[in-house]
Amino acid sequence: MGNLCSNAPADLNQAEFAQQQFELMYWPITALGEPIRLAMAIGGIPLKDTTPKTDPSFMDRKTAFGTQVPILVVDGKPMDQSRSILRYVGKICKYQGKPLYPEDAMEAFWCDNLIDLTEDMRSPIGATFAIQDQKEKEAARAALFTADGGITKFLKVLDDKIQSRIGQSPTIGDIYCFCVTNIFRQPTFIDGIPAGALDEYKNLTAFHTQIANFPPILEYYKDAVEIRTTAKPVSTTLPSQTPEGAKMLKAQQIKPTSPEYELLYWPITGLGEPIRMAMTMGGLPFKDTTPKTDEKFMDRKQAIGAQVPILLVDGTPMDQSRSILRYIGKICKYDGKPLYPTDPIEAFWCDNLIDLTEDMRSPIGKTFAIQDQTEKEAARAALFAADGGITKFLKKLDEKIISRIGQSPTIGDIYVFCCTNLFRQPTFIDGIPAGNLDQYENLTKFHAQMSRYPPVLEYYKDAVEPRTTFKPRS
Ligand SMILES: N[C@@H](CCC(=O)N[C@@H](CS)C(=O)NCC(=O)O)C(=O)O
């Protein structure tokens, strides 16, 4: 039987997983735990659903695991990071014989892309949880749903994209989108969400009907109360594919044979560099386009209508940096091993590293909005103080990264390397204290390992600032 730390078989046998004991530790709310619960329910794998309400030792156990919930405990061993868990569960769970995380690299890309777009849509709510004053908090939340609101912007894109999912077999991307949009429907555990906030999104409504009517989902929510009533169908009439949805799906189904790759991104490292580096390590030639090398850059980006980085595969645009990175990881190998592991448990740890790195990187995001230079630099320096928002995760990363020393490189490693380099001098982000990563000995060893791979040495051999941090430090 597959043990959590051994290599689970690539050829997944549902019966085998049915013998493992799965327990999910999470709050009684839906939020980031619900997609995991739902994926397991669809896959028919029994799950012990543990909350502080059902287990008096919940908080002690969580403290002992030393991480955030949701935590999936498999045969007593903890797995954290909700979307890493979800991808793992998507590989071991099937609906009508099809894995919830597609095996085909291009199909998996569109599944990841839906998760990442949903994350862009969800994440603006995060900052509002810190607002103490109730009225102010509710006003801030309502503002996110106004015509020019931070969530509205992404809901529009999501409403358009979701058309391609009508009539398709469910994936964890669908499940994630379904659960996360439901937290913005009334009744919800988040106060101050305007009633009917999603009513104008017709495609999302059709999509909700489709997902809510899948038999295992209907069954799962049949006795749902309060916040979970939003997961029940509002109609039993299943939606049909729109012409636009059919067109999108066709564009997504292109199977590139010997394609040309072009990356559109700013000249900085940022979220484009992990993709550049993965393609370099995988020996995949690509055209590296920035506004400096293409005067039509902004027009082309505008016409595509997405944020950069954008990877063009034979002219077809793919967006969302980590979705692109996972795709590249599946089609590229280093030393004969794919950069995104094929084994579900190995892939889980690769995803887990990416998600932890995101937790570490993301606090810098809000400092970009600070106008006053002195204030901005102070806010950035504070993130690296002993109790700083980045320090907290750097410590965890430093602990975890030791397991990667001496291992074959993955896109998880590449992501850590590129994102930690953002915080080394010289960097394009001002106000980052010099030498602030020096105390992390494992990250220093890891930097030495990554920077010395022959294709990495070659790629950065003539690097100038800020890419000099990609060269070996000694
Ligand atoms: N979730 C997206 C976020 C993309 C993003 O934030 N892109 C930044 C550069 S790192 C940007 O410039 N966005 C504005 C734009 O492309 O117009 C991803 O991972 O690709």
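A short reminder: the numbers here are calculations on the coordinates, not readings from a lab. Model, not experiment: these values are computed from the prediction. Glycine also receives a Cβ, built like all others from the backbone with ideal geometry; neighbour counts cover every protein chain displayed.
Mean projected area of the Cα convex hull of the chain, taken over all directions, amounts to 23.0 nm².
Ignoring aspartates and glutamates fewer than eight residues from LYS392 along the same chain, the ones with Cα atoms less than 14 angstrom from its Cα are GLU358, ASP359.
Within straight-line reach of LYS222, meaning a Cα separation under 19 Å, sit the following lysines at least 8 residues removed in sequence or on another chain: LYS48, LYS232.
Taking GluC sites (Glu not before Pro) as exposed when DSSP calls them loop and at most 15 other C-beta atoms lie within 10 angstrom, the chain has its longest site-free stretch at 296-474. For segment 237-278, the alpha carbon convex hull comes to 153 Å³ per residue, rounded to a whole number. Pairwise alpha-carbon distances in segment 339-470 exceed 22 Å for 38% of all pairs. Largest first, the three principal axis extents of the alpha carbons in segment 14-95 are 34, 24, 21 Å in whole numbers.
Extension gain for the segment ALA139 to MET298, taken as residue separation times 0.36 nm less the Cα-Cα distance, is 53.8 nm to one decimal.
Cross-link reach is defined here as a Cα-Cα straight distance under 28 Å, omitting same-chain residues fewer than 8 places apart; for LYS250 the lysines meeting it are LYS91, LYS94, LYS98, LYS153, LYS156, LYS161, LYS202, LYS287, LYS296, LYS301, LYS330, LYS333. Give the calculated FRET efficiency between LYS471 and ALA105 to the nearest 0.05, with a Förster radius of 45 Å applied to their Cβ-Cβ distance. Using R0 = 45 Å, I get an efficiency of 0.90. Extents of segment 278-319, taken as max minus min of Cα coordinates on every principal axis and listed largest first, are 30, 21, 16 Å. Of the two radii for segment 181-280, the radius of gyration is 1.14 times the Kirkwood radius, both from the alpha carbons; that is the Rg over Rh value. Normalised by residue count, segment 250-334 yields a Cα convex hull volume of 92 Å³ per residue. Excluding the sites themselves, what is the longest stretch of the chain that contains no trypsin sites (Lys or Arg not before Pro) in a DSSP loop with at most 14 other C-beta atoms within 10 Å? The longest such stretch corresponds to 54-221. With the convex hull drawn around the C-alpha atoms of segment 102-249, the volume per residue stands at 113 Å³.
A straight chain from ALA369 to ILE254 at 0.36 nm per residue would run longer than the Cα-Cα distance by 37.5 nm. Helical runs (DSSP H, four residues minimum) scored at -39500 (n - 2.57) apiece and divided by the length of the chain put the mean residue ellipticity at 222 nm at -13000 deg cm²/dmol.
Taking all Cα pairs closer than 8 Å and separated by 6 or more residues, the relative contact order of the chain comes to 12 percent.
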